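The values are calculated or read from the model by the stated rules, or taken from the named source; none is laboratory data. Predicted model only: the values in this text are computed from it and were never measured. Neighbour counts are summed over all protein chains in view; Cβ atoms, including those assigned to glycine, are modelled from backbone coordinates with ideal geometry. SASA here: full protein model, heavy atoms, side chains in, ligands and nucleic acids out. Shrake-Rupley method; radii C 1.70, N 1.55, O 1.52, S 1.80 Å.
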Amino acid sequence: MRPALIVASLLGAVTLLACREEAEHPARPPVVPPANAPADVSHGEAAIGSAAQPAAVDPAAPPRSSSRLHRLRVAIRHAKITIADGVTYDAWTFDGRVPGPVLRVTEGDTVDFTLVNEAPMPHSLDFHAAEIAPTRAYVNLMPHDSLHYRFVARVPGAFMYHCGTAPVALHIANGMYGAIIVDPRQGRTPAREFVFVQSEFYTKVQRDSTRIIDWEKLLSLAPDYVVFNGREAEYAHHPIDVRVGERLRLYVVNAGPNRFSAFHVVGAIFDYVYMDGSLTHPLEGVQTVTVPVGGGAIFEARLVEAGTYPFVSHAFADATKGAVGMFKAH
């Protein structure tokens, strides 16, 4: 075949493939940034609602228990949850909610734990606060089965727990995570305490408008929503009332499964930040602290005057996708 004919044939084949690719995967329209600010406040990445309306997920930390033995039971269920206004998601959950329940114990306490699988597929649970052989405790649990074990919570801090069944990214992204607080034996200075679990949702729409997970988006690190406590901008739509000058203690756990949290409170400087189990060497006078995926930190601050104070992940693509809330100081 003549060289000119070979070149023409190749060009024709390339054109045919390009046309077929375009037909199967049409070009997406360009993403246009919003023209109007959601709220008239610096870092107001979402519309600000009324603090008089309670949030669907209460951010208040549970009270500290005086018991030395904690009998905890968690049930695994598949359930529909709300992740944003009008957006329903088919989730895999601990106790029917995302995040799972906040658990709280004290340094040196014994946790007597039972996990029950009420879902139609294998799952598991991995405590970052436990020192235990995964081959004994973090095994896959079959449907309608249960698992029981004990561990001693030796290290204080804010820790994640999650499903560890492979592929782990899928199970975490579908909602199987939560926070466990381990208090130091001597306690901490009195404060208003809140828990914020940051996480992501990667979604595609079904015919009934319910969302399910989009595996390709997950592997591409392209979430539709980045949220605190399972809902997009929940604490912007329902701001959290606090008092001027009172000590705030924020337990921040980053469930991921992919995005780091650059936690920041606008208009405040953190007095102390305790990373994971650190007690004696906190960061002092800091503005923004990275909480890695699978990590936790304890933030302490005071708001010095009345007003609305956003808290965000300072990775602002994520704040725009819902990782934003508001404190209203009076």
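Per residue, how big is the convex hull around the C-alpha atoms of region 101-149? Give it to me in cubic angstrom, could you?
On the way: hull volume 4.0 nm³, N = 49.
Looking at region 101-149, the number lands at 82 Å³ per residue.
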Q | Glu300 - accessible surface, heavy atoms, 1.4 Å probe, Å² rounded to 10 | A | 10
Q) In debye to the nearest 20, how big a dipole does the chain give about its Cα centre with +1 on each Lys and Arg Cβ and -1 on each Asp and Glu Cβ? A) 460
Q. For the chain, what value does the Rg/Rh ratio take when both radii are computed over Cα atoms and Rh is the Kirkwood radius, given to two decimals?
A. 1.07
**Q.** Equivalent-ellipsoid semi-axes of region 128-236, from the Cα gyration tensor, Å, largest first
**A.** 29, 22, 11
Q.
Residue by residue through region 213-227, what is 3J(HN,Hα) from phi via Karplus (6.51 cos²θ - 1.76 cosθ + 1.60, θ = phi - 60°)? Round to whole Hz and write x for glycine and proline.
A. 6, 10, 5, 5, 4, 4, 5, 8, 6, 10, x, 7, 9, 10, 9
Q: Check the straight Cα-Cα distances from Lys321 and name the lysines below 18 Å, setting aside those fewer than 8 residues away within the same chain.
A: Lys204, Lys217
Q: Using only the alpha carbons, work out the radius of gyration and Dmax of region 214-259 in angstrom.
A: 14.7, 46
Q. Around Asn229, which amide H atoms from residues at least 5 apart in sequence, or from another chain, sit under 5 Å from its own amide H, with H modelled in the peptide plane?
A. Val197, Gln198, Ser199
Q: Give the distance, in whole Å, between the Cα centre of region 52-92 and the Cα centre of region 302-324.
A: 22
Q.
Using only the Cα atoms of region 179-275, what semi-axes does the equivalent ellipsoid have when each is the square root of 5 times a gyration tensor eigenvalue? Give whole Å, largest first.
A. 32, 16, 12
Q) Ordered by residue, what ³J(HN,Hα) values in Hz, to whole numbers, does region 106-113 give under the Karplus form 6.51 cos²θ - 1.76 cosθ + 1.60, where θ = phi - 60° and Gly and Pro are x? A) 10, 3, x, 6, 9, 9, 9, 10
Q) If you build a Gaussian network model of the chain, linking Cα atoms that sit under 10 Å apart, which residue out of Gly86, Gly178, Gly100 swings the most? A) Gly86
Q: Give me the accessible area per residue for the chain, probe 1.4 Å, as a whole number in Å².
A: 48
Q) Tell me, what HN-Hα J-couplings in whole Hz come from the Karplus equation 6.51 cos²θ - 1.76 cosθ + 1.60 at θ = phi - 60° for each residue of region 134-146, using x for Gly and Pro? A) x, 5, 9, 10, 9, 7, 5, 9, 6, x, 6, 10, 9
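Using only helices, what value at 222 nm comes out for the chain when you add -39,500 (n - 2.57) per DSSP H run of length 4 or more and divide by the total residues, to the nearest 500 deg cm²/dmol?
Rounded to the nearest 500, it is -3500 deg cm²/dmol.
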Q) Using modelled amide H (1.01 Å from N, peptide plane; none on Pro or chain starts), what sits under 5 Å from the amide H of Ser124, excluding residues fewer than 5 places away? A) Leu141, Gly164, Thr165
Q) Protein chains only, probe 1.4 Å: how do Asp214, Asp318, Asp271, Asp58 rank by accessible area, largest first? A) Asp58, Asp271, Asp214, Asp318
Q.
Can you give me the long-range amide H partners of Val286? Hydrogens built in the peptide plane at 1.01 Å from N, cutoff under 5 Å, separation of 5 or more residues or another chain.
A. Phe270
Q) Got a sec? What order do Lys80, Lys217 fall in by accessible area at 1.4 Å, biggest, i.e. largest, first? A) Lys80, Lys217
Q) In whole Å, how far is the Cα centre of region 257-294 from that of region 116-169? A) 26
(Q) Rounded, prolate or oblate, given the Cα gyration tensor of region 44-192, with a/c below 1.5 counting as rounded? (A) oblate
Q) Does anyone have the angle between helix 3-24 and the longest principal axis of the chain? Alpha-carbon axes, 0 to 90°, nearest 10? A) 40
